[in-house]
Amino acid sequence: MKKVITYGTFDLLHYGHINLLKRAKALGDYLVVALSTDEFNWNEKQKKCYFSYEERKSLLEAIRYVDLVIPEENWEQKKSDIKEFRIDTFVMGDDWKGKFDELSELCEVVYLPRTPEISTTQIKKELGSGGLAK
Ligand code: C2G
């Protein structure tokens, strides 16, 4: 069984995230998603999530491509996660290109093209200005 892992906040889940998860799963048979905890998001990424970790976890677990959701609590856990879960492929969107190349000592490292036209920042901005223009 070929195992894949990816990391992220996945807050205000949108189709860009789903596209990433779909393509990540297509690289193997089993997809682990390491989901950033509320504390990690706030302390390390200065992101205040709209949905809590538990809410974001339940959303991800409902996605057909996702087999397991684990907490991402720090930047350093990737190597131990890869060993613990016997990961074959590490996947991130290409906004992270090059940032995790050191993991190639342990597994394949793949950066997939982001879905360009959507982001949580954009959604929040458009909702803030009186809703999305349909
Ligand atoms: N993504 C994408 N297309 C978008 C938006 C996001 O492909 N339009 C991808 C990102 O490249 C990332 C994943 O979806 O691989 C999750 O995105 P975020 O929740 O923004 O993740 P991020 O905050 O970048 O956290 O240790 C790694 C970090 O936890 C990554």
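Nothing in this text is a laboratory measurement; each read-out follows from the coordinates by a stated rule. Being a predicted model, the structure only gives us computed values, none of them experimental. All Cβ positions, even for glycine, are placed from backbone atoms using ideal geometry, and neighbour counts span all protein chains on display.
Observations on the structure shown:
- For the pair SER129 and GLU61 in one chain, pulling the backbone fully straight at 0.36 nm per residue adds 21.3 nm over the alpha carbon distance.
- Residues with amide H under 5 Å from that of THR9, placed H, sequence gap 5 or more: SER36
- Label zone at GLU39 (point 7 Å along Cα-to-Cβ), backbone N below 17 Å, region 59-90: 70-78
- Taking amide H positions as modeled 1.01 Å from N, with prolines and chain starts lacking one, the residues under 5 Å from LYS47 and 5 or more places away or on another chain are TRP42.
- Taking every lysine pair in region 1-67 that is 8 or more places apart or spans two chains, those with Cα atoms closer than 27 Å amount to 17.
- Sequence-distant residues sharing a close amide H with LYS3 (under 5 Å, placed H): ASP29, ASP88, THR89
- Of LYS22, LYS124, LYS79, the one that fluctuates the most in a GNM where the chain has Cα springs shorter than 10 Å: LYS124
- Among ASP81, ASP95, ASP11, residue whose mean-square fluctuation peaks in a GNM of the chain (springs only between Cα atoms under 10 Å): ASP95
- Relative to the 2.2 N^0.38 Å rule of thumb, region 47-114 has a C-alpha radius of gyration ratio of 1.21.
- With the simple model of a label 7 Å out from the Cα in the direction of the Cβ, GLU102 to LYS2 spans 2.7 nm.
- Rg/Rh (Cα only; Kirkwood hydrodynamic radius) as it applies to the chain: 0.97
- Within a Gaussian network of the chain (alpha carbon springs, distance under 10 Å), most fluctuating of ILE18, ILE87, ILE123: ILE123
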